[in-house]
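Enquirer: If you scroll down you'll find the structure; I have some questions about it.
The values are calculated or read from the model by the stated rules, or taken from the named source; none is laboratory data. Not measured: the values here are computed from a predicted model. Glycine also receives a Cβ, built like all others from the backbone with ideal geometry; neighbour counts cover every protein chain displayed. These area figures cover heavy atoms from the full protein model, side chains too; ligands, DNA and RNA do not enter into them. Shrake-Rupley method; radii C 1.70, N 1.55, O 1.52, S 1.80 Å.
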Amino acid sequence: QVQLVESGGGLGQPGGSLRLSCAASGSIFSIDVMGWYRQAPGKQRDLVALITSGGITNYADSVKGRFTISRDNANNTVYLQMNSLKPEDTAVYYCNANIQRTRYRYAMDYWGKGTLVTVSS
């Protein structure tokens, strides 16, 4: 079994900051890409940011310059530092990881259950 557990969501003020964490645990051989997605009420789930095991990052245009994704490969953890928060950042944020459970298995995508981020004054 593999689990992704997010933490760090909650209420943030416009212009403020929040930091999300996501730890992967269980039977893990390797993790390639890790990332964050978000889903606002009534909308589809969209990519926020991705990071490869080598540290290459990709961001949605809406968060470039405000959000920073990073990871701790030794602890199978990915972070999302969110600065200059805007009300439109309000959403449930989901962690995603492409995980190979053993040397002999193909990698699969796993998802966390999500953490709610609300940006409001």
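Enquirer: Please verify whether residue 12 is within 20 Å of residue 121 (Cα to Cα), surrounded by 14 or more Cβ atoms within 10 Å (Cβ to Cβ), small (Gly, Ala, Ser) and touching a strand residue (DSSP E or B) at 6+ places or on another chain (Cβ under 7 Å), treating the condition exactly as stated.
Expert: Considered against the rule, which asks whether it is within 20 Å of residue 121 (Cα to Cα), surrounded by 14 or more Cβ atoms within 10 Å (Cβ to Cβ), small (Gly, Ala, Ser) and touching a strand residue (DSSP E or B) at 6+ places or on another chain (Cβ under 7 Å), residue 12 comes out as yes.
Enquirer: Considering only region 35-121, give the strands (runs of 3 or more DSSP E) lying wholly within it that have at least 1 residues that are open to solvent by less than 50 Å² (accessible area, probe 1.4 Å) and touching a residue at least 60 places away in the same chain (Cβ under 8 Å).
Expert: 77-82, 91-100, 108-111, 115-119
Enquirer: Evaluate the following for residue 81: is it within 12 Å of the chain's Cα centre (by Cα), more than 14 Å from residue 119 (Cα to Cα) and at pLDDT 95 or above?
Expert: yes
Enquirer: Something else: Quick check on my filter: what residues within region 5-26 are within 26 Å of residue 56 (Cβ to Cβ) and either free of Cβ contacts under 8 Å to residues at least 24 places away in the same chain or of a type in the set (S, T, N, Q) (or both)?
Expert: Within region 5-26, 7, 17, 21, 25 meet the criteria.
Enquirer: Something else about it: Collect the residues in region 21-34 that are assigned to a loop (DSSP other than H, G, I, E, B) and either among the acidic types (Asp, Glu) or open to solvent by 70 Å² or more (accessible area, probe 1.4 Å) (or both), keeping them in residue-number order.
Expert: Of everything in region 21-34, just one residue is assigned to a loop (DSSP other than H, G, I, E, B) and either among the acidic types (Asp, Glu) or open to solvent by 70 Å² or more (accessible area, probe 1.4 Å) (or both), namely 29.
Enquirer: Here are some conditions: (1) open to solvent by less than 30 Å² (accessible area, probe 1.4 Å); (2) touching a Leu at 6+ places or on another chain (Cβ under 9 Å). Residue 4 meets all but one. Which one does it not meet?
Expert: All conditions are met except number (2).
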